[in-house]
Amino acid sequence: MRITSTSCICPVLVCLCFVQRCYGTAHHSSIKVTRNQTKHTEGETEVHHRPKRGWVWNQFFVLEEHMGPDPQYVGKLHSNSDKGDGSVKYILTGEGAGTIFIIDDTTGDIHSTKSLDREQKTHYVLHAQAIDRRTNKPLEPESEFIIKVQDINDNAPKFTDGPYIVTVPEMSDMGTSVLQVTATDADDPTYGNSARVVYSILQGQPYFSVDPKTGVIRTALHNMDREAREHYSVVIQAKDMAGQVGGLSGSTTVNITLTDVNDNPPRFPQKHYQLYVPESAQVGSAVGKIKANDADTGSNADMTYSITNGDGIGVFSISTDKDTREGILSLKKPLNYEKKKSYTLNIEGANTHLDFRFSHLGPFKDATMLKVIVGDVDEPPLFSMPSYVMEVYENAKIGTIVGTVLAQDPDSANSLVRYFINHSTEEERFFNIDANTGTIKTSKVLDREETPWYNITVTASENDNPDLLSHVSVGIRVLDVNDNPPELAREYDIVVCENSKPGQVIHTITATDKDDFANGPRFNFFLDERLPMNPNFTLKDNEDNTASILTRRRRFSRTMQDVYYLPIMISDGGIPSLSSSSTLTIRVCACERDGRVRTCHAEAFLSSAGLSTGALIAILLCVVILLAIVVLFITLRRSKKEPLIISEEDVRENVVTYDDEGGGEEDTEAFDITALRNPAAAEEFTYRRDIRPEVKLTPRHQTLSTLESIDVQEFIKQRLAEADLDPSVPPYDSLQTYAYEGQRSEAGSISSLDSATTQSDQDYHYLGDWGPEFKKLAELYGEIESERTT
């Protein structure tokens, strides 16, 4: 099959046509290809290959934007099997087949029915097949080919990022790059000059230029000054077809702003200035302003002001206002018209941010002269000192001179001055001042211990102008005299343990003195020599403003005396020395072995339990109520008591009730206690008291001689047997007690009946270590031991 195209306008097609003519067969436009085998030279065997298609493939080209009335011819398909008899049918499938591209199924001619746009789609992929019209069987395998849309110059260049805003520093060198602009052309850059763009400048000359190939914009003049012109509008054009006639073009605007550099020094509008300042101006206040102009902006216009010379360099100072860039002139020292009436200042303003590239333009600073004229005003009196400090002794008589203040009129008139104290505060009421001389005197007696320092304010005014006032602070220190004797630092709670030893330190005391340090410590502690020597306690001066209380004897007893009193004397180190007497109260308390106080008196138990007076009253009230209830209950019971025997026929007539209460262990007369200690003592018969026993010998009498050798257990067994067999024993509802103690017990008697008659040397101090539950027991045995020792 062959493909024939009429679009030999394209250089590529021309080359393909040339190749086709040079290497084609004798047939004018077809290439013959055998289907099943290949011929070989002599001697070579026949080699079978896969069948080769009989198509001649090339790319088809179609012009975009075709506007003719007839469909545009694209090319022709032809198969070697086509004999021209119409038996071959050509079929076209793929992109645009049947809609954009149609084929004549008999001749194989392809046409384009629509106008195509290469910028939307550059090529189409289609499939062609030749079949037998009668059998509908393919004569050739289906093959693929491409139809490319040939470009024409139908798109102008565009600046997609425009318009542009850009800056460049002023005073830049000629040729400084500003910006690179880029225009895009939608046409095919590989075909012709349709997409070849050339740049030119339409507006902005002679200040800027543009590179025709790269689109780089550069400065075209030297030293472009922002202060002369700041903004520029440059129009750049891009034209395709390499700028030839007929090419399409597009343009954009570039707004260029010159940024500031420090190329202008500051300048004072005048070389001489004059300023009036009254002498009453306050120190630290602003008295004037001055400003130098700078054509630059931003940080390039920042400057500082300074006073470089002049006789007022120590009286005035200047600072810079960063917002307004003004120099603020302030007063450092007070002005006095009578002493100096004018000052001269040399003020300099200089840029703070220098650009050394422009140092050749001159020094970036300027200077001017300022003359300050001092104005005369009527001033208030002036004190000789800014403040005064005076001293006076306490307890001084009323009218004692403390000190003198002095104020004068600073004006040339030298008016008389009057003084007074405004008694608005309590401190100022202790003093008076002489209105003419300024002498301060006491008006009350001063006490340093109450107020050691007074601050008063003295006011001075002129006789001619009382409204002009000046004030001064006067501090008065009150000096100390030794007028307060020493005393104990606090009330001491001194305790001495019952088991204290002679010479034992039981407490340390200290003293205090309201007077100043010079009239206070050092303190001396001693006993009053006029009193007899204390046999119980003594006092030791530690010579460090403290004293120790020591015991003179061994052991103290609360039962004999629970409080002791010790008079002491204390003297200070003042001249003359003052002394005072005090009495120390010493309580006797029971202590642990380690010296901890256990209790001092009976009330301590209640206080330690944390019971208040109200709680104690409530407890006592409850006890009284309980006692009253018990008494009432017993009275009612006795009044309702029934007789012992209700009737003669009562089955309980043999039960006798005894309401006698035993005397306990201490009752040794109600019962023979020896019977409990030794079974041998029970030799007599035991009869019942409610019936008359019959005298009858029992085996019990026979065993009395052998009691000494019988064990207690055997003895009890015998008694049980006798009780079971003896008809005279008490009935079963009575209780019979055998309280006998064996005689062979090695531990001896455990009864406490006779313990009160024996003396024991046992030490009961260990009871104090058993805890708070045994404190009362330990205290009781401790008192017994103390009494025994005494």
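The values are calculated or read from the model by the stated rules, or taken from the named source; none is laboratory data. This structure is a prediction, so every number in the text was calculated from the model and none was measured. Glycine also receives a Cβ, built like all others from the backbone with ideal geometry; neighbour counts cover every protein chain displayed. All accessible areas refer to the heavy atoms of the entire protein, side chains included, with ligands and DNA or RNA removed. Shrake-Rupley method; radii C 1.70, N 1.55, O 1.52, S 1.80 Å.
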Restricting the stretch 158-184 to residues that are part of a loop (DSSP other than H, G, I, E, B) and among the hydroxyl-bearing types (Ser, Thr, Tyr), the one most open to solvent (accessible area, probe 1.4 Å) turns out to be 160
Flagged in the stretch 146-157 as β-branched (Val, Ile, Thr) and open to solvent by less than 40 Å² (accessible area, probe 1.4 Å), in numbering order, are 147, 149
Matching residues in the stretch 456-478 (open to solvent by 20 Å² or more (accessible area, probe 1.4 Å), in contact (Cβ under 8 Å) with a residue 60 or more places away in the chain and under 50 Å from the mean Cα position of the chain (by Cα)) number 2
Expected single match for out of contact with any Pro (no Cβ under 6 Å at 6 or more places or on another chain), within 30 Å of residue 253 (Cα to Cα) and among the polar types (S, T, N, Q) among 59, 120, 150, 72 is 120
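Rundown of residues vs (1) closer than 24 Å to residue 135 by Cβ; (2) buried (at least 17 other Cβ atoms within 10 Å of the Cβ); (3) not aromatic (Phe, Trp, Tyr), yes/no style:
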| residue | (1), (2), (3) |
| --- | --- |
| 77 | yes, yes, yes |
| 80 | yes, yes, yes |
| 83 | yes, no, yes |
| 88 | yes, yes, yes |
| 101 | no, yes, no |
| 108 | yes, yes, yes |
| 111 | no, no, yes |
| 116 | no, yes, yes |
| 122 | no, no, yes |
Taking the stretch 409-445 and keeping residues at pLDDT 90 or above, farther than 16 Å from residue 456 by Cβ and surrounded by 15 or more Cβ atoms within 10 Å (Cβ to Cβ) leaves 417, 418
Taking the stretch 185-203 and the residues there that are at pLDDT below 90 and either hydrophobic (A, V, I, L, M, F, W, C) or closer than 27 Å to residue 255 by Cβ (or both), the one that is most open to solvent (accessible area, probe 1.4 Å) would be 186
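Here is a yes/no grid of residues against (1) assigned to a loop (DSSP other than H, G, I, E, B); (2) touching a residue at least 12 places away in the same chain (Cβ under 8 Å); (3) of a type in the set (Lys, Arg); (4) surrounded by fewer than 19 Cβ atoms within 10 Å (Cβ to Cβ):
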position: 256; (1), (2), (3), (4): no, yes, no, no
position: 282; (1), (2), (3), (4): yes, yes, no, yes
position: 287; (1), (2), (3), (4): no, yes, no, yes
position: 300; (1), (2), (3), (4): no, yes, no, no
position: 305; (1), (2), (3), (4): no, yes, no, no
position: 314; (1), (2), (3), (4): yes, yes, no, yes
position: 320; (1), (2), (3), (4): no, yes, no, yes
position: 328; (1), (2), (3), (4): no, yes, no, yes
position: 338; (1), (2), (3), (4): yes, yes, no, yes
Going through (1) in contact (Cβ under 8 Å) with a residue 12 or more places away in the chain; (2) within 22 Å of residue 198 (Cβ to Cβ); (3) open to solvent by 30 Å² or more (accessible area, probe 1.4 Å); (4) outside any strand (DSSP E or B) one by one, residue 221 fails only at (2)
Taking the conditions exactly as written (under 30 Å from residue 436 (Cα atoms), in a loop (DSSP other than H, G, I, E, B) and β-branched (Val, Ile, Thr)), does residue 392 satisfy them or not? no
